[in-house]
Amino acid sequence: MATPREIPWAELRAGARAASARSYAPYSGVRVGACALTEDGRVVTGSNVENASYGLTLCAECSLVSDLARTGGGRLVAVSVVAGDGGPLAPCGRCRQLLYEHGGRDLLVDQGEAGAPRALAALLPDAFGPEDVADRASR
Ligand code: THU
């Protein structure tokens, strides 16, 4: 069996906190940062970017998956998302789906001091993913 990989949680949390300082959140005041480790050892980050048309707001995880694509793509292995107070923030429903696309059910999501990291499968059970699109298409 493969040895479980050592996740640099302290580095991911620090990256998420640094990213939260770059957030653009003049409307909610909730400054969010996200930082993730990729399978090939890269670290990618994102911050939330709000908009005067509130519904157009981009969550930090949206920005993170853009960074992932921009820097070469690949799979996410572990992610930390924090608010401006430095504490962990549970990814919203839409972002769980976004993370699922790029990390799948085994992606580890930081819970900070609240407990051990949780697999995305626990946060988004019975997820609909890329394989379902291929399986369920009527052609
Ligand atoms: N937000 C994120 O960036 N990620 C989440 O998973 C939850 C919410 C942001 C969006 C908005 O700018 C602010 O937090 C308040 O909802």
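Taking 35 Å as R0, compute the FRET efficiency from the Cβ-Cβ separation of Glu39 and Ser138 and round it to 0.05.
Numbers: r = 33 Å, r/R0 = 0.94.
The value I calculate is 0.60.
A Gaussian network model of the chain, with springs between Cα atoms under 10 Å, assigns the largest mean-square fluctuation among Ser20, Ser28, Ser53 to Ser53.
Quick one: grab the alpha carbon gyration tensor of the chain, order the square roots of its eigenvalues as a ≥ b ≥ c, and give me rounded if a/c is under 1.5, else prolate or oblate depending on whether a/b is larger than b/c. It is oblate, given that a/c is not under 1.5 and a/b is not larger than b/c. Farthest toward the positive end of the dipole of the chain, out of Thr45, Thr57, Leu107, is the Cα of Thr57, where the dipole comes from beta carbon charges about the Cα centre. Only four residue types carry charge here, +1 at the Cβ of Lys and Arg and -1 at the Cβ of Asp and Glu. Report the dipole size of the chain about the Cα centre in Debye, rounded to the nearest 20. That gives a dipole near 220 debye.
Net charge near Leu76, counting Lys/Arg +1 and Asp/Glu -1 over other residues with Cβ under 13 Å of its Cβ? Working shown, then result.
Working: positive: Arg5, Arg42, Arg75, Arg96, Arg105; negative: Glu39, Asp40, Glu61, Asp67, Glu101, Asp106, Asp110.
Around Leu76, the surrounding residues sum to -2.
Protection proxy ranking, highest mean first, for peptides 35-46, 102-113: 35-46, 102-113, where packing is the per-residue count of other beta-carbon atoms within 10 Å, averaged. Computing FRET efficiency as 1/(1 + (r/R0)^6) for Ala18 and Leu56, where r is the C-beta to C-beta distance and R0 is 25 Å, gives about 0.50.
Of the residues Ala16, Ser80, Ala119, the one whose Cα sits farthest toward the positive end of the charge dipole of the chain, with +1 on the Cβ of Lys and Arg and -1 on the Cβ of Asp and Glu, is Ala16.
Where a number appears in this text, it was derived from the coordinates with a stated rule and is not lab data. Keep in mind that this is a model prediction, so the values were computed, not measured. A quick note on method: Cβ atoms are made from the backbone with ideal geometry, for glycine too, and the neighbour counts reach across all protein chains shown.
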